[in-house]
Each structure stands twice: as C-alpha cells, then as structure tokens.
Amino acid sequence: MSARQVKMIEGGKLVIPAAMRRALGVATGDMVLVDVEDGELRVRSLAKAIERAQAIVRRHVPEGSSLADELIADRRGEAERE
C-alpha cells in the first residue's frame, strides 16, 4: 500500500485512512501498538504483534515441545521439593 498524507489534529491525533485500517485489521476502539523505528512511526495491530512474537518463539522451540507442559512440570517439581 502506498504512503498517504494525513493531517495531525489537536491532541496529536492522526486519522488513519479506512483502507489502511482494513489492511491492518483494526476498527474503532481496537488497541494497536505504536513505536518509533529509525525516525518513523510504526503502527501494528495487537493480533499482528502477538503473531510475530509467537513466530519468534517457534524458531527457538523444538517441534513437538510444549513450553506450557515444561513450565507445569517445573512448577510441580519445585512444589514437591518444598
């Protein structure tokens, strides 16, 4: 999607064009994540940020492993040692 010029209004608010909101999968009232990277404002949907975090974790967890199961086993082991 090509860049669009938008106006900043009072209170530092930006109006994101409808086509861009649809492309992001966000609607009025949704939470988004914003950050500044290399002098640019970046806006991401919360769902996209979670998807990206899950992909990062998946790269470091062997296939068939369950981090939740490992955590539960760890906690049970700690409880038994107490």
Can you pull out every residue in the stretch 73-82 that is surrounded by 10 or more Cβ atoms within 10 Å (Cβ to Cβ) and either among the hydrophobic types (A, V, I, L, M, F, W, C) or touching a residue at least 24 places away in the same chain (Cβ under 8 Å) (or both)? Ala73
How do the pairs read when you match residues in the stretch 43-72 that are under 24 Å from Met1 (Cβ atoms) with residues anywhere that are surrounded by 10 or more Cβ atoms within 10 Å (Cβ to Cβ), using Cβ under 6 Å and keeping only pairs 6 or more apart or on different chains? Val43/Val32; Arg44/Leu33; Ser45/Leu24; Ser45/Gly25; Ser45/Val26; Ser45/Val32; Ala49/Leu33
If you go through the stretch 1-53, how many residues are charged (D, E, K, R) and either part of a helix (DSSP H, G or I) or in contact with an Asp or Glu (Cβ under 9 Å, 6 or more places away or on another chain) (or both)? 8
Residue count, the stretch 35-63, condition touching a helix residue (DSSP H, G or I) at 6+ places or on another chain (Cβ under 9 Å) and either of a type in the set (D, E, K, R) or at positive phi (or both), comes to 2
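Where a number appears in this text, it was derived from the coordinates with a stated rule and is not lab data. All figures in this text were calculated on a predicted structure; none of them were measured in a lab. So basically every Cβ, Gly included, is an ideal-geometry build from the backbone, and we count neighbours across all protein chains shown.
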